[in-house]
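To keep things clear, I will list the structure first and then write my remarks on it.
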Amino acid sequence: MTRRTRSLLLFCSAALALAAMPANRGPVKAASREVLVLSGPRVSAVDAARTVVTFEAKGDIRGLLTLTLAPGSAPLTGDWALVSRYVTDMVGTSDEGADNGGGDEVEHEERPAFVERGTIRGVVTGGTLRFDGNGQLDSIEGLQLRIAGGNLQFKGASGTGSGSAANMQDVVSGTGTVVLAMEVK
């Protein structure tokens, strides 16, 4: 199979997959439970009134979670956004060996695929920040989130979320979890 034929087949397969997807014409999709596994925390104290924390998110929604927190507020307040944009490798098969009489299929990487699911955003409505002996943010307990919207696949998103994180000064062992109860209109 020639490279042009493989490309044409890949294009046609993608077009058929898009055509087979159901149109989002209903008023509201059922609520979903999305579990995010957080890693790689980065903590930045912007000023006395704002601390920004970012995490790599995996699980049901992959991307980058950013929390902008007001550490002196009670209850904890702030804003948050989850951007689901990433790159994956598309793997395919080639029968290049057949072109020269070999007849063997060889697995190889075709090219990167760029995935843009969209952004979910909202506000922080509660939680507790814990600091270590040096005054550095170490953990977040009882994080409460409200979903205030989104775009692309998350357009019209609403709902709530909760979460926690620990070891936030260690980018390697710092972890967390966020669970979103979300509806998308």
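Every number in this text was worked out from the coordinates using simple rules, so none of it is lab data. Given the structure is predicted, the values throughout are model-derived calculations rather than measurements. Heads up, the Cβs are rebuilt from the backbone with ideal geometry, glycines too, and the neighbour counts pull from every protein chain shown.
Quickly rank 46-59, 128-141, 65-78 as a protection proxy: mean count of other C-beta atoms within 10 Å, highest first.
Listed from highest to lowest mean packing, they are 65-78, 46-59, 128-141.
Report the local net charge at Arg85: Lys and Arg +1, Asp and Glu -1, summed over other residues whose C-beta lies under 11 Å from its C-beta.
+1
Could you work out how much longer the chain between Phe114 and Thr160 gets when fully extended? Use 0.36 nm per residue separation minus the Cα distance between them, nm to one decimal.
13.7 nm
What length, rounded to one decimal in nm, is gained on full extension from Thr177 through to Glu141, with 0.36 nm per residue of separation minus their alpha-carbon distance?
Using 0.36 nm per residue and subtracting the Cα-Cα distance, I get 11.9 nm.
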